[in-house]
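Where a number appears in this text, it was derived from the coordinates with a stated rule and is not lab data. Worth saying up front: this structure is predicted, and the values here are computed from it rather than measured. No Cβ is skipped: glycine too gets one built from the backbone with ideal geometry, and neighbour counts run over all protein chains shown.
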Amino acid sequence: MLYGAAVDITDRKQAEVALRQSEEHYRRLFESIDEGFCTVEVLFDADGKPVDHRILQANPAFQRQARLSNPDGKTASELALGLEQFGDRSNCLRWRF
């Protein structure tokens, strides 16, 4: 005896295509804008205070403006970017170029 099953995956495939197109659109926009832009992960010490940033993605304009080459995945301290407290909020940092 032989048993089989069929599952319609049309919706899943359409969703995958739409996601891929959306990602491509975002990437083109991210790479082509003139404004420097990056996404970062804030790194905290054991007391929960921010102590560093890790650059997750940086567009070419950010790399030119910050004079950095291939900063993705590196921390501000690895790149020798100065970090300072921002205003009177102890939980915020900003880069000092």
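H25 to E78: FRET efficiency via 1/(1 + (r/R0)^6), r the Cβ-Cβ distance, R0 25 Å, to the nearest 0.05?
Using R0 = 25 Å, I get an efficiency of 0.20.
Residue separation times 0.36 nm, minus the C-alpha to C-alpha distance between F44 and E16: what's the value?
So the chain would gain 6.6 nm between F44 and E16.
Where the centroid of each part is defined by its Cα atoms, how far is region 50-74 from region 1-27 in Å?
Using only Cα atoms to place each centre, the spacing works out to 34 Å.
Determine ³J(HN,Hα), in whole Hz, for all residues of region 9-19 in sequence, where each value follows from phi through the Karplus function 6.51 cos²θ - 1.76 cosθ + 1.60 and θ = phi - 60°; x replaces Gly and Pro.
For region 9-19, the Karplus curve yields 10, 4, 4, 5, 5, 5, 5, 5, 5, 4, 5 Hz.
What is the gain in length, in nm to one decimal, between V51 and D8 on full extension, counting 0.36 nm per residue of separation less the C-alpha to C-alpha distance? Each step should come with its number before you reach the end.
Details: separation 43, 0.36 × 43 = 15.48 nm, distance 4.97 nm.
Computed gain between V51 and D8 is 10.5 nm.
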